[in-house]
Amino acid sequence: MFLRLAVALLVLCCLGQRPHAQPAPALPESAQAVGWKTAREAVAIERRIDALIARMTLPEKVGQLVLTGRGDGFDIRRIRDGLIGGVMNFVVPREVREVQEAVRASRLKIPLIIGLDAVHGFSTYFPLPLGQAATFNPALIEEAAYWTGREASAAGVNWTFAPMVDMSRDPRWGRGLEGAGEDPYYASVVAAARTRGYQRGGVAATVKHFVGYGAAEAGRDYNSTWIPTSQLHDLHLPPFRAAFEAGSMTAMAAFNALNGMPATAHRGMLTELLRDRWKFKGFVVSDFGSITELRLHGIAADDAEAARKALLAGIDMDMMSEVYHKHLAREVAAGRVPMAALNEAVRRVLRVKFHLGLFGRPDVDVAAAPALMQTQAARDVALKAAQESVILLRNAGDILPIRDSVRSVAVIGAMAVPEDERVWTDPAGLGRRVVQPLPDALRERLPTGATVRYQPAFTKACGTEFSDKAAAIDAAAASDMIVAMLGEDCEFMGEGASRTQLGLPGVQQELLEALVATGKPVVLVLATGRPLVLTWASEKVAAIVQTFHGGTEGRTAIADVLTGKVNPSGRTPMSFPRSVGQIPVYYNQLPTGRPQQIRQRYESIFMDEANDALYPFGFGLSYSRFSYANARVARGSVAVNGTIEVMVDVANTGTRDGQEVAQLYIRQPVASRSRPLRELKAFEKVLLRAGETKTLLFRLDAAQLGAHDDEGRYSVDAGLVEIWLGGSSRADLKTQVMLTKS
Ligand code: BGC
């Protein structure tokens, strides 16, 4: 944690913050797209690797598998000695250059892979990944990753520890914010988009955490996971597969034990599935210190055994454990780890370095780097992503957008005005200036003469302590409308931030209730890292505007939505529970033999809570109204290896132009196994002018509509497929198709 803070401060002081947009300069060499080379180039690379491995000493081989970090204990002499293969958390171009120069003083001059958690931005901050997922706009998500990669690579970073593609149905887990939500199809689309974006921007992607990390029991971070084989294949593995198919050059193993075997030593996943079946040719890095943690998992007596088990399972690079450095050479010399296994791991690391183009690439251009940060082009993408990530959950009486008759607005909550150069609690750990405070952005957009009063109410953005509650209530009572910006900040979200209660942290609920008690309409703007339980708010406040921390342009985007400059188009990537006791609550549940019918005993219900989500997956309001009609299929019967064509007319019946996320769900009511009540299989974000109708065509590959069994075998069943179309997972317009044997 301390290390991350230090990294953040370094970035702030040495790259320099650029509150004003810069014109985009030409791409430097290091920012060119990276990815797997094919055909003759790939063959030539294998020969170069053979030649290089033949020249390497045992310590140099082990060195390629060592990933060490900036900070206490870092010793640059180890790079000169050829004992380090990769470094992480070097973000200041001058320091990157120093380590690159140290490589050139080494015997074999093998370039370093330089990694960083560039999770949702490097210098320009985009919304948290969960917020990006709320856009349902894969092209935009890809652009955000592209600019993240491009800025990082301009600073000399060539490897990002992203995308995280862990599936989670549990908002108690703090890391859901790094993922794309609860749906495996959508998460796969996002995983591919992010992988492509990063690698186009110039950094190798790391799809993580392989596998099952998001299923931590009780949502408690690092806790064990128990995942049946069918669910592993249908829910958790698809986004990994999608990222590999999009070219992800590396993967990171997870911290958790999967069905009793720590993922860091899981040969079945890391070798038999990943390498043998999926033919992944890149390398796998451990998570931070997770090899030495094999002792604590209880499968290694000491670090030597941990190193041996991890390597033999398929972990190529040791992130920050130092156990490969300390023990691997001895394990090989003693014959406990075959030289061939070591060589194979070294080969995978070198392969990625060659395909990345690191050999022969010039060192980072220290002078050029600052001008490549927060360019206008990157900020434009950040603004669009922030705008499209805003989800309008509630809008009673169409109180939003703010009407001209509203003459005064009270903006309440310290989160509305970020500290100048504050450090976010964020997996990337990189603090960034957040450009525009919400009150200023509103002032700019409201009609002349309208008053905006701002009161922070709390000492800090996370709302754990009041600064001046009375002043906040006075400002609220004196205004026509209250905009309360509340949510999770500080230590309340991200890694290691699991929660058992999902209300507003600290004293924020107390404030919200006092604001509602003024009788003035309250617009609750949320910036959180997960879906909170909003049951009280959903009955008491006039409007709820959900954001997942919007990044550099986040507050500007909120003001755009509140004032109607932008029509909200974000949709929930995760279901919002009504209460913690409902968790896990997700839309793609299996049917039960006792479905809820008339709400009586012996049905699958809670005595004290509804079954469904407060806000279901795929939901979000707009200032427009959309309607769906004429759902139809081109052909009523299609072979299981054929293509299903589905059409639907979507109309904007409102008075404003708006974007709708048209969603297609299927269910196979009779199949060889029980199948989910709904499964998203296609979607399209479409702009509809006021009054406009468009006919959308969805093409479904019938081969994608199957499921896995308990042995991990995949099949598509012939039979009826019900198809629903609409603007959320509660879509109710239906058509159907008959799948026939091919
Ligand atoms: C996280 C990884 C991250 C690594 C390096 C770990 O604690 O689980 O996702 O990439 O730290 O910062």
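Extending 7 Å from Cα along the Cβ direction at Met261 and again at Lys109 yields two label points whose distance is 4.3 nm. For Tyr628, Tyr665, the ranking by accessible surface with the largest value first comes to Tyr628, Tyr665, using a 1.4 Å probe. Semi-axes of the equivalent ellipsoid of region 226-346 are 24, 17, 12 Å, computed as sqrt(5λ) over the eigenvalues of the C-alpha gyration tensor in descending order. Each peptide in 522-531, 629-638, 716-725 gets a packing score, the mean of other Cβ atoms within 10 Å over its residues, and the list from highest to lowest is 522-531, 716-725, 629-638. Per the Cα gyration tensor, region 483-538 maps to an equivalent ellipsoid with semi-axes of 22, 10, 10 Å, ordered largest to smallest. Each peptide in 401-412, 591-602, 327-338 gets a packing score, the mean of other Cβ atoms within 10 Å over its residues, and the list from highest to lowest is 401-412, 327-338, 591-602. Seen from Thr459, the other residues with C-beta closer than 10 Å to its C-beta sum to a net charge of -1, counting Lys and Arg as +1 and Asp and Glu as -1. Straight Cα distances below 25 angstrom link Lys279 to the lysines Lys37, Lys61, Lys208, Lys309, Lys353, with same-chain residues fewer than 8 positions distant left out. With no solvent and one point on each alpha carbon, what is the Debye value of log10 I(q)/I(0) for region 31-184 at q = 0.14 Å⁻¹? The Cα Debye sum returns log10 ratios of -0.85.
Can you count the Lys pairs in region 389-582 whose Cα atoms are under 24 Å apart, with each pair 8 or more apart or on different chains? Lysine pairs satisfying the spacing and distance rule in region 389-582 number 5.
Restriction of the trypsin sites (Lys or Arg not before Pro) in region 54-123 to DSSP coil positions whose beta-carbon has at most 14 other beta-carbons within 10 angstrom yields Arg107, Lys109.
Largest first, the three principal axis extents of the alpha carbons in the chain are 76, 63, 47 Å in whole numbers.
Relative to the dominant Cα principal axis of the chain, helix 339-356 is inclined by about 60°. Annotation: amide H-H contacts under 5 Å for Ser408 (H modelled 1.01 Å from N, sequence separation of 5 or more, or interchain): Thr451, Asp480, Met481.
Using 0.36 nm per residue of separation minus the Cα-Cα distance, give me the extension gain between Asp398 and Asp480 in nm, one decimal.
The Asp398-Asp480 span can extend by a further 28.0 nm.
Ranking Arg267, Arg499 by solvent-accessible area of protein heavy atoms (1.4 Å probe, all protein chains present), from largest to smallest, gives Arg267, Arg499. Region 541-600 gives an Rg/Rh value of 1.14, both radii derived from C-alpha positions and Rh following Kirkwood. Other residues with beta-carbon under 12 Å from the beta-carbon of Pro338 carry, at +1 per Lys or Arg and -1 per Asp or Glu, a net charge of 0. Give me the percent of Cα-Cα pairs in region 626-740 that sit more than 16 Å apart, rounded to a whole number. So the pairs more than 16 Å apart make up 59 percent of the total in region 626-740.
The values are calculated or read from the model by the stated rules, or taken from the named source; none is laboratory data. These numbers were taken from a predicted model, which means no experiment stands behind them. Ideal geometry is used to build each Cβ from the backbone, glycine not excepted, and the neighbour counts take in all protein chains shown. All accessible areas refer to the heavy atoms of the entire protein, side chains included, with ligands and DNA or RNA removed. Shrake-Rupley method; radii C 1.70, N 1.55, O 1.52, S 1.80 Å.
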